[in-house]
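Below is one structure, written out as structure tokens; the observations come after it.
The values are calculated or read from the model by the stated rules, or taken from the named source; none is laboratory data. All figures in this text were calculated on a predicted structure; none of them were measured in a lab. In this analysis, Cβ positions are derived from the backbone assuming ideal geometry, glycine residues included, and neighbour counts consider all displayed protein chains. Remember, those area values only see protein heavy atoms, side chains included, never the ligands or the DNA or RNA. Shrake-Rupley method; radii C 1.70, N 1.55, O 1.52, S 1.80 Å.
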Amino acid sequence: MDKLLVHGPCKLNGTVKISRAKNAYLPILAAVLLSDKKIHLKNIPDLQDIKTMIKLLEMLGVTVTRAGNITTFDASTLNSHEATYDLVKTMRASIFVLGPLLARLGKAKVSLPGGCAIGTRPIDIHLTNLEKMGCEIHLTGGYVEASVSKLKATHLPLSFPSVGATENLMMAAVFVEGTTVIDNAALEPEIDDLANFINAMGGKVTGIGTRKLEVTGVKELSDVRIEDVNPSHLEFVIELLKEMGGKISVGDNFIHVEKSVLKSCHVDTAPFPGFPTDAQAQMIALCTQVKGSSVITEHIFENRFMHVPELVRLGANIVLKGKSAIIEGEQKLNGAPIMCTDLRASAALIIAALCATGTTEIQRIYHLDRGYEKLVDKLATLGAKVERVK
Ligand code: UD1
């Protein structure tokens, strides 16, 4: 065992950077179990407890890969609901997997954490409130065995603002139909981090930073983060998508998009900083899926609607009137053979094909190759099933 030798007395002087908080990362790591999409986490702190939590995730079947400072978690391969004594005994925070496993699989078997160096810390607040959500819980052979056919939304007033219980219950409630209210919730900053992380994955937690957390169930988690982008170049498009109902947030070099329900738009292409003609085709493809009918008018180029007949082949209802396209929303698209007609049109056709049922064969992708680097790989990273064939 290593030991430290401290040579005192000494004065402290200078600047030091702090590392990321273990207590924020541990529940966030457990929360990756909620998603069947790949989750990329940057700069995870290099700590023993974090390694233990990652080992536990791997034992549950999560595929973990590392590339530089990014660790990717893929819980679509989740194949176990059991957190064994060997791991739990070394880290009490293993109990955090209870909530997400119940949310995802409806069952969990987690070793009881037992006592630890800072005293016996029961988990009764976790368990009684999970029972209120409909779980059946048995304590047998040193394990908590919990199962539920359908978790239910309810009011959960905590008898003490337990950090771990607040986190576990928040994760358990992510997919529960209706709104679960966690009252007397803990206020520690890591609670906000977990809530923000769940929201970033596409969940719906409100009341962040207050004693009353509300978790409104979503059917599935879905979000996309686009990095190395300068959002100010796309300000018009981002604002337009927000007006349409898009849940979009931006940072210096990223755009974050959460699953949203969009309504129609009326927009005209114009020179920068207006609505770009190069986004017109993609917006038309999107408008086939929104609520209501949209009108998109092209002022920069004549005849830049060659993608419209191709979109119609997939089942879109689009009428051209002079410089305007009138697009009917909520159209069910079906895969069909189609052709790229120009560079931006090819992106529009891919968007439509991603929304369509069945396989769409897109020809003449040399148009795509002129201006979109490795788009197939990028889409595959996000979970799209797109292949390039000869
Ligand atoms: C977390 C932190 C820990 C910190 C503590 C308080 C992690 C991984 N650990 O621990 O570093 O010291 O918050 O800020 O985030 N209690 C019950 N029943 C329960 C749950 C808790 O009686 O079901 C009691 C405990 O025994 C303890 C108190 O509530 O006396 C606080 O526990 P809790 O807030 O749950 O702390 P942890 O989540 O275990």
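Can you give me the angle between helix 343-355 and the longest principal axis of the chain, using Cα atoms only, in degrees from 0 to 90, rounded to the nearest 10? For helix 343-355, the angle is close to 50 degrees.
Quickly rank 5-17, 271-283, 246-258 as a protection proxy: mean count of other C-beta atoms within 10 Å, highest first. Each step should come with its number before you reach the end.
Values: 5-17: 4.8, 271-283: 18.4, 246-258: 15.6.
Top to bottom by mean Cβ count within 10 Å: 271-283, 246-258, 5-17.
Where the accessible area of the chain is counted over protein heavy atoms with a 1.4 Å probe, how much of it, in %, is carbon and sulfur? Walk me through the intermediate numbers first.
Numbers: 11320 of 21070 Å².
Solvent-exposed carbon and sulfur of the chain make up 54 percent of the total.
In sequence order, the stretch 47-56 has phi-based couplings of 9, 4, 4, 5, 4, 5, 5, 5, 4, 5 Hz under the Karplus curve 6.51 cos²θ - 1.76 cosθ + 1.60, θ = phi - 60°, and Gly or Pro positions carry x.
Note on the stretch 242-273 and the stretch 62-100: Cα centroid distance 35 Å, given to the nearest whole angstrom.
Among G315, G371, G134, the largest mean-square fluctuation in a Gaussian network model of the chain, built with springs joining Cα atoms closer than 10 Å, belongs to G371. The aspartates and glutamates within cross-link reach of K291, meaning a Cα-to-Cα straight distance under 15 Å and a gap of 8 or more places when in the same chain, are E243, E328, E330.
About the centre of its Cα atoms, the stretch 30-189 shows a dipole size close to 260 debye [charges on the beta carbon of Lys, Arg (+1) and Asp, Glu (-1) only; nearest 20 debye].
Which of the GluC sites (Glu not before Pro) found in the stretch 318-388 are in a DSSP loop and have at most 14 neighbouring Cβ atoms, other than their own, within 10 Å? The qualifying sites are E330, E373, E387. Working from Cα pairs under 8 Å separated by at least six residues, relative contact order for the stretch 48-204 is 18 percent. In this structure, every pair taken from K38/K247; K219/K242; K204/K242; K42/K204 has an alpha-carbon distance of 24 Å or less.
So which trypsin sites (Lys or Arg not before Pro) in the stretch 57-94 end up in coil per DSSP with only 15 or fewer other C-beta atoms within 10 Å?
Answer in residue order: K89.
Taking only the Cα atoms of the stretch 1-79, the ratio Rg/Rh comes out at 1.15, with Rh defined as the Kirkwood radius. Charges were assigned to the Cβ only: +1 to each Lys and Arg, -1 to each Asp and Glu. The resulting dipole of the chain about its Cα centre is roughly 380 debye.
Here the relative contact order of the chain, from alpha carbon pairs under 8 Å that lie six or more residues apart, stands at 9 percent. Along the axis of the charge dipole computed for the chain (Cβ charges of +1 for Lys and Arg, -1 for Asp and Glu, origin at the Cα centre), the listed residues C355, C265, G164 are led at the positive end by G164.
Return the percentage of antiparallel bridges among DSSP beta bridges fully within the chain, rounded to the nearest 5 %.
On the way: 44 of 58 bridges.
Bridges in the chain that DSSP calls antiparallel: roughly 75 percent.
For the stretch 122-176, trypsin sites (Lys or Arg not before Pro) are listed when DSSP marks them as loop and at most 10 other Cβ atoms sit within 10 Å of their Cβ; the list is K150.
Averaged over its residues, the chain has an accessible area of 54 Å² per residue, based on protein heavy atoms and a 1.4 Å probe. Per 10 Å bin, what percent of the C-alpha pairs of the chain does each bin hold, from zero upward? Going out from 0 Å in 10 Å bins, the chain shows 5, 20, 26, 20, 17, 9, 3, 1, 0 percent.
Under a Cβ-only charge scheme (Lys and Arg +1, Asp and Glu -1), can you give me the dipole magnitude of the stretch 253-346 about the Cα centre, in debye to the nearest 20?
Values: 9 positive and 9 negative charges, 46 e Å.
That gives a dipole near 220 debye.
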